[in-house]
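**Q** Handing you this structure, nothing more for now.
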Amino acid sequence: MMKLFALLVVGGGLLLPVSALAWGGAGHQLIAAEAYRQLSPELKAATFVVLAAHPDFAKWTNAYHPNSSYDVAAYVFMRSATWPDEIRKTDNKFDHPEWHFIDYPLRPPGFAFEPDARPTNNVLFGISECEKALGNTNAEPVLRAAMLSYLIHLVGDEHQPLHCSSLFNATYTNGDRGGNDLYVMPAQKGIGLHGVWDGLLGSAMSPRLQWNYATVLLTKSPASALPELKAHTMPKAWSLESRQLAIEFGYLRGQLKGATQAEDAPPLPADYLKNAKAVAEKQGALAGYRLADEIRAYLKCAGPVPLLPENKFDAVPATLPEKISPELAGKFYDETLVVTGKVVAVTERPTITILELDKAYPNAFFTAVVFPENAGKFGDLKKLAQQNVEISGTIIQYRNKPEIILESPDQIKVAK
Ligand SMILES: [Zn+2]
């Protein structure tokens, strides 16, 4: 009984429920990274000054690991992108659950436009509150910090098509809550359509991976290749773009088959995920450019802000060890390495599979995790129990412990 309890605690703590989070944390960090990279040195410094009043600022700066890619200010900016989801359903005074979306009702087959039922409490209202607070240098610093964090988050939310729509038909007479109540099967098991879209910009909450992904996306979609940036400059117009994408690519103009229960979920049509991913990446790029524009337009500071010091990172050892033990993994955050050890526990849960090396919970040094969308590639992971393995990948920090996210079977080898 004790053992079961311990396993539940480990698994339960590892992943937030995907259905509640737009884009998942990874997508929000990606959009934040894109926007941050485009800001002037003055505005980068200004965001850091504003976020210094945030209730979680010390937690974020403490979690930062110096590295050559991004400095602490960029890290804090990326971390603040997920905070509005982290405080959802808590009694935090800054929790605004209604701000994360705008539910334009979608009614096939005509999809005639209908306004949101909550015109004064939705993502557009939330963004306008952020703009107001950031433009007012006399507003309370903690409010300005919270609202900057919200702006970074909400511009992302608004570009997730299923955050701007809810399907109404004979099955969903009160709407499908942005696809949360409509189940489909992208791989082995049924999940909410909303969750499928949330995961399209990555599942790893790794600032390093998302920082690099931002470079890739900005190169793939330069501003000059996105006519929408000039055509639609206001948040309302962005929400209407998302609504249209939900109709065409989310619900396939009403032809998408779904179920009200995960067990009955039908598979997604061929090409659905490929097309959805292309839409998500374009939306991710637009969100990054538009977030940078919002910050340029609205973020005011009372006086000049000193520029941030250059990111001089000299803590990298000249040569990294090729292989390390699980015990040492916590010394190499954000580095890509091979960790070698013995698998002492394999825990399979619907939301995650966890491998622990050398020591198990609560004394685990290091874990490797597989999310459900990749589980099918690995076969039976239970077979690895008691084997010596080599696990390669980027070491990230999760709840103060090192972990590697396994996305491909080449990342794990059984040692001879
Ligand atoms: Zn959200």
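**Q** Do the conditions hold for Val346, that is, is it within 27 Å of the chain's Cα centre (by Cα), farther than 28 Å from Lys59 by Cβ and of a type in the set (Val, Ile, Thr)? Even if it seems obvious, please write down each step before you answer.
**A** Working: within 27 Å of the chain's Cα centre (by Cα): yes; farther than 28 Å from Lys59 by Cβ: yes; of a type in the set (Val, Ile, Thr): yes.
Judged against the criteria, Val346 is a match.
**Q** Can you name the residue in the stretch 49-65 that is closer than 21 Å to Met205 by Cα and at pLDDT 95 or above and, of all such residues, is farthest from the ligand (Cβ to nearest atom)?
**A** Here is the first cut: in the stretch 49-65, the ones closer than 21 Å to Met205 by Cα are 51, 54-65.
Still in the list and also at pLDDT 95 or above: 51, 54-58.
On the way: Leu51: 18, His54: 17, Pro55: 18, Asp56: 16, Phe57: 20, Ala58: 23 Å.
Checking each candidate, the answer is Ala58.
**Q** A further question follows. Which of the residues belonging to the stretch 363-388 are surrounded by 19 or more Cβ atoms within 10 Å (Cβ to Cβ) and in a strand (DSSP E or B)?
**A** Of everything in the stretch 363-388, those that are surrounded by 19 or more Cβ atoms within 10 Å (Cβ to Cβ) and in a strand (DSSP E or B) turn out to be Thr367, Ala368, Val369, Val370.
**Q** Then there's this: Out of the stretch 95-110, which residues are surrounded by fewer than 21 Cβ atoms within 10 Å (Cβ to Cβ), within 13 Å of the ligand (Cβ to nearest atom) and of a type outside the set (Asp, Glu)?
**A** As a first pass, look at the stretch 95-110 and keep what is surrounded by fewer than 21 Cβ atoms within 10 Å (Cβ to Cβ): 95-98, 105, 107-110.
So of that shortlist, the ones also within 13 Å of the ligand (Cβ to nearest atom) come out as 95-98.
Correct list: His96, Pro97.
**Q** If you don't mind, another one. Does the stretch 66-84 include one or more residues that are within 15 Å of the ligand (Cβ to nearest atom), closer than 21 Å to Trp23 by Cβ and surrounded by fewer than 18 Cβ atoms within 10 Å (Cβ to Cβ)?
**A** no
**Q** Restricting to the stretch 152-180, count the residues that are part of a loop (DSSP other than H, G, I, E, B), touching a strand residue (DSSP E or B) at 6+ places or on another chain (Cβ under 7 Å) and away from the ligand (no atom under 13 Å from the Cβ).
**A** Step one: list which residues in the stretch 152-180 are part of a loop (DSSP other than H, G, I, E, B), which gives 159-160, 164-165, 168-180.
After this cut, where a residue has to be touching a strand residue (DSSP E or B) at 6+ places or on another chain (Cβ under 7 Å) as well, the list is 165, 168, 175-180.
Remaining after also requiring away from the ligand (no atom under 13 Å from the Cβ): 165, 168, 175-177, 179.
Number satisfying all stated conditions: 6.
**Q** In addition: Only one residue in Ala139, Ala223 is in the same structural domain as Ala74 (by TED's automatic domain parsing), free of Cβ contacts under 8 Å to residues at least 24 places away in the same chain and more than 16 Å from the ligand (Cβ to nearest atom). Which one? Explain how you work it out, then say what you get.
**A** On the way: Ala223 fails: free of Cβ contacts under 8 Å to residues at least 24 places away in the same chain.
Answer to the check: Ala139.
**Q** List the helices (runs of 4 or more DSSP H) inside the stretch 221-303, counting only whole elements, that have at least 3 residues being among the small types (Gly, Ala, Ser), out of contact with any strand residue (DSSP E or B) (no Cβ under 8 Å at 6 or more places or on another chain) and at pLDDT 95 or above.
**A** Details: elements: 228-231, 235-245, 272-298.
By residue number, 235-245, 272-298.
**Q** Now, a different point. Given the criteria closer than 25 Å to Val216 by Cα and among the basic types (Lys, Arg), does Lys257 qualify?
**A** Values: closer than 25 Å to Val216 by Cα: no; among the basic types (Lys, Arg): yes.
So Lys257 fails the test.
**Q** Okay, next question. Using the structure shown, decide if Ala246 is closer than 30 Å to Leu134 by Cα and crowded, with 19+ Cβ neighbours inside 10 Å. So that I can check it myself, show each step before the final result.
**A** Working: closer than 30 Å to Leu134 by Cα: no; crowded, with 19+ Cβ neighbours inside 10 Å: yes.
So Ala246 does not fit the description; no.
**Q** Which residues, counting only those in the stretch 171-197, are more than 13 Å from Glu263 (Cα to Cα) and among the hydroxyl-bearing types (Ser, Thr, Tyr)?
**A** Matches in the stretch 171-197: Thr171, Tyr172, Thr173.
**Q** Among (1) closer than 15 Å to Asp410 by Cβ; (2) buried (at least 18 other Cβ atoms within 10 Å of the Cβ); (3) among the β-branched types (Val, Ile, Thr), where does Val343 come up short?
**A** (1) is the only condition that Val343 fails.
**Q** Name every residue in the stretch 75-99 that is within 29 Å of Glu42 (Cα to Cα) and either outside the structural domain of Leu240 (by TED's automatic domain parsing) or within 16 Å of the chain's Cα centre (by Cα) (or both), in order of residue number.
**A** Correct list: Tyr75, Val76, Phe77, Met78, Arg79, Ser80, Ala81, Thr82, Trp83, Pro84, Asp85, Glu86.
The values are calculated or read from the model by the stated rules, or taken from the named source; none is laboratory data. All values reported here derive from a predicted model rather than from experimental measurement. A quick note on method: Cβ atoms are made from the backbone with ideal geometry, for glycine too, and the neighbour counts reach across all protein chains shown.
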